[in-house]
Each structure stands twice: as C-alpha cells, then as structure tokens.
Amino acid sequence: MTFCSVFLLLFLILLFSSFEQSVSISSGSQRVILRSIINENSKDGDFAIDLNATNFDSVLKETPAPFAIVEFFAHWCPACRNYKPQYEKVARLFNGADASHPGIILMTRVDCASTINSKLCDKFSVDRYPMLFWGPPKKFVSGGWVPKQGKSEIIPIESGRTADVLLGWINKQLGSSYGLDDGKYENEHLQTNTSDPGQIAKAIYDVEEATSTAFSIILDHKMIKPETRASLIKFLQLLVAHHPSRRCRKGSADVLVNFDDLCPSSTMLVNNEEAESCSKNGVLENYQICGKEVPRGYWMYCRGSKNDTRGFSCGLWILLHSLSVRVEDGESNMAFRSTCDFIHNFFVCEECRQHFYEMCSSVSTPFKKARDFALWLWRAHNKVNERLIKEEASLGTGDPEFPKAIWPPKQQCSSCYLSPSKTSKENSKIDWDENEVFKFLVSYYGKELVTLYKESEQRGSGQTEKIVAEELVASTNAVVVPVGAALAIAVASCAFGALAYIWRSRQKNRKPRRSWN
C-alpha cells in the first residue's frame, strides 16, 4: 500500500469519526422530541399537534402553514376535556393526511399542567383554561403575549367554545367558508403557476414528504429483503450525503448507522424474521427519516388539482433531480446506479418501474461527470412525460391544471432552447442547449429549491450569514469539518466507496443503541 493510500485511509477514518460524532450529538437531542410527538399524536381522533417547551419553537418555525392556533389547557381541567372533541373537529379539517384544507392552519395544543411548560404558559399570560391564540407560526417562536398590549399579530380567540363557533371565527379571519363536514381536500388554494421560479422553493417540504412516503412504502410492503438490502443502503448513503433537507440528511444517517441493529441480515435471523423486523411493525418504523417537526400528509408544490394526481411521483422526481445536481464528478456513476437500483427494487408502480429500468439499461458507458448524470435524468424525465402525454390524452386521466409537458418550458428557460429542427410539425424535435439546461438544473434544483428552507432557519436563529454559508455547503457536500474541509471535498468523490466500506465494517463491532425504544 502506497503512502498516499495509507494517508487517504486514515483521513477517511478521521472524517467518518467526526461525522458520526456530529450526527450523534445533533440527533440525540431530537429523539425525545420526535418520540413525544409520535406517541402523543398516535391516538385515534387526535389531529391537533401536542407541543411542549422543548419542541414548541422548532415545530412552529418549520411548518409551511401561514397560520397557527395554539390551545393552552390543563389535562386535569374538566372543561378542557369536554372541549377537546370540539377542537379536534376543527383540527381534522387542517391537520393530517386526510385533511380537508391542508397546509393552511397548524392546530396545536400545550398542556400547562405539565411542569416543563410552566414558563412557556407564563410567556403567553395564560390565566384560564382553555385559552386559544391565533397568528403566523413564526410569531409564536420565542414570542409571547400580554393583555392590553399594543398591536400584535398574535390574537387571543375569545369566542371559540364550540367547533361551529371556532370555525366561524376562522372563516371570518380568512374570508373563507369552510364547513365541519368538508371532505378530503379539493385544492381550493392551488398554485397553478409552476413556471414561476419562486414556486420551487416550496418543494423542499414535498421532497421531505416524498422521502418519508417512500420509506413508509418500503416498510408497508416488506420490501427489505436479502437481495434488496445493498441497494437501500447505497441509496441511504446518497441521501446522507446530498439530500437537500438537513432533517432528512440527519434522519437517513441515523437509520444507516443503526441499520444492522434495526434490520438484521438473513445470516443473523431464521425463517421470515428479517421481513418482519424490517417492516411497518418492526422497530425500524420508529425512525422518522425526515423527523416529525413538520406535520406530514399534504403537498405544496406537488399538489394536484385532483386528489389522485401529482403528489408522490412529483415529489420523488424532484428528490432525484436535487440529488443529481449535488453529487461530485467522481460520485456520478455511483449516484446513477444507486438511483436506478432504488427505483428498480422499491418503486411499486410496475409499469413505471420497468420503463425506468429500460432507460437505465440503455446506458452502456459509466458516467464520469456529474453533468452527464444530471442531464441523463432530465432526458429520462422528459421521455416519461412524452409517453404520459399520449396516454393521458387518449384516456383522459391527466390533471387539467397540470398537463404533462416537455420541461423546462421556454418561459422558464428561454436560453435552453435553440431553433427547432426543420422537420414536419408532427415530428418536430426541440434542439436543446444542454450547457444552458445544466445551468438551469443546478440553479432550479440547487439554489432555488432550498431558498425557503434557508430563510426559515435564518428567521429562527438570527445568524443569517452563518446559516446561509452552512446550508450552501451542507447541501452540496457530504461532510463539513473545521480542519481539512477543502481536502474532504476533493477526495470525497473518489473515496465514497471506501468510506462506505469503513462505515459498514465499523458497525459490526458497535454496541446497539436503543435510545428510540
């Protein structure tokens, strides 16, 4: 072994140690918070999110909803117990996967009878139960309320003692006409102008939703098997390194580090125990891959005009595009193979899976540049759209507000287009300037995608310059360490496989961590 090889190996071990320590520190403090939210909101009929002093700021800071209601109550209070069913009737309309009007109001509650919440309740001058407040979620973060104060965006709800009265108060505030019997959402607040570059910033939440949904599908269908374990591990490594959401990077790392404990290989189990331990009913279910800070169950950028259009498939495409523009040149072929294997093994739409596999199989030369992988994925996506344009037109199954189209449109990237080929209109072909297309992909799925995410963190911490710098680096590189950061970026691409090998080898000798039990 050469001196350079020894040096590189030692450097990678040191780099991994720093990363594992940072994951452990950053994720450890979140586990109690996440477990609390999961457990307390898992009961049937509970739609309002239970908050406490440890997660109050983080949940309200991260929600994309423009409004929030916070109910302060005491669990021993008979009036509060009687009011809860009324509050839940309204919360059902706005919270959860089957919400009638998702993404508009985050409905929460805080138990002031719990000692941990005493100071929090004091900040809002809670002197009776229940007590409700309305306002923009960010205004609740590190904020408070006092009686007879001047103009404030946090407003006490004085008349909301029944579900009808509370919903009437909300309708008056929003100029809406919601009803308690409203069914699952019909997209009355749909944003159809997806050509607006600013719209993609909302997709960061959809990328998180798609990641969480994909993980749930894998567990629901017991898809982690001896022949699929390796492809899932490689894709998790890709998420740890390049997922645009910091929450998903941390969650993926936590799952990956503990994967052997959570999902033992077939050599460690007998009969069908592996499928059960790696399924929805196993311990792996307790790991929320993108956290629980943002209530799940609805789409923003990927929301269709009908309930059965867009959604997960749209979010998954955005996730794949965002990964493709973040990998380094040396990782490009690994990212390509990981993506192809993941779709082939874990995408449950059989026809879609086969088409994608055929496109992957048509690539005969390994990718050497990240640009090549990003452009291949863009071309693959347009091929899928071309096929679906014809199918949806003949069957009438498309979304009328979001018809499939070749992408990006001219109004979004005019420089991406060259002059059309001089052929018949029926066989017209677009001449692309692929250099301009690649620039657009990097900007659209890189910088613009995380804009809203960064702004949210900036408002919450007040450390604008520091957070912008950290997020820009973290969204394009697997690890950032104080010493040797530049060297890490330079060698990460060529050493990704070696790092993964070291990582996996070390896990075999680690003591199990059961902090989520």
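The values are calculated or read from the model by the stated rules, or taken from the named source; none is laboratory data. All values derive from a computational prediction rather than experimental measurement. Reconstructed Cβ throughout: ideal geometry from the backbone, glycine too, with neighbour counts over all protein chains shown. Just the protein is used for accessible areas: all its heavy atoms, side chains included, with ligands, DNA and RNA removed. Shrake-Rupley method; radii C 1.70, N 1.55, O 1.52, S 1.80 Å.
Normalising the Debye intensity of segment 208-260 to I(0), with uniform scatterers on Cα atoms only, and taking log10 at q = 0.22 Å⁻¹ returns -0.84.
Under a 5 Å amide H cut-off, with hydrogens placed 1.01 Å from N, Ile69 pairs with Leu106, Met107, Thr108 among residues at least 5 apart or on other chains. In order along segment 358-372, the Karplus-derived 3J(HN,Hα) couplings, from 6.51 cos²θ - 1.76 cosθ + 1.60 at θ = phi - 60°, round to 5, 5, 5, 5, 6, 8, 9, 10, x, 6, 10, 10, 4, 4, 5 Hz, and Gly and Pro are given as x.
Accessible area per residue for segment 30-174 is 44 Å², calculated with a 1.4 Å probe on protein heavy atoms, without ligands, DNA or RNA. Considering segment 30-174 at the alpha-carbon level, its Rg and Dmax are found to be 14.1, 40 Å.
Rounded to whole numbers, the Karplus 3J(HN,Hα) couplings from phi for segment 167-178 are 5, x, 5, 5, 4, 5, 5, 9, x, 10, 9, 5 Hz, using 6.51 cos²θ - 1.76 cosθ + 1.60 with θ = phi - 60°, and x at Gly and Pro.
Would you mind pulling out the separation of the Cα centroids of segment 334-385 and segment 114-181, in Å? Going from one Cα centre to the other spans 49 Å. 3J(HN,Hα) couplings calculated from phi for segment 67-75 with the Karplus curve 6.51 cos²θ - 1.76 cosθ + 1.60 (θ = phi - 60°) are, in sequence order, 9, 9, 10, 10, 9, 9, 9, 10, 5 Hz; Gly and Pro show x.
Carbon-plus-sulfur accessible fraction, segment 287-356 (probe radius 1.4 Å, protein heavy atoms only): 47%.
A simple spin-label model places pseudo-atoms 7 Å from Cα toward Cβ; at Ser305 and Asn385 they are separated by 1.7 nm.
Over segment 30-174, what percent of the accessible surface lies on carbon and sulfur atoms, probe 1.4 Å? Summing carbon and sulfur atoms, their accessible area is 53 percent of the total for segment 30-174.
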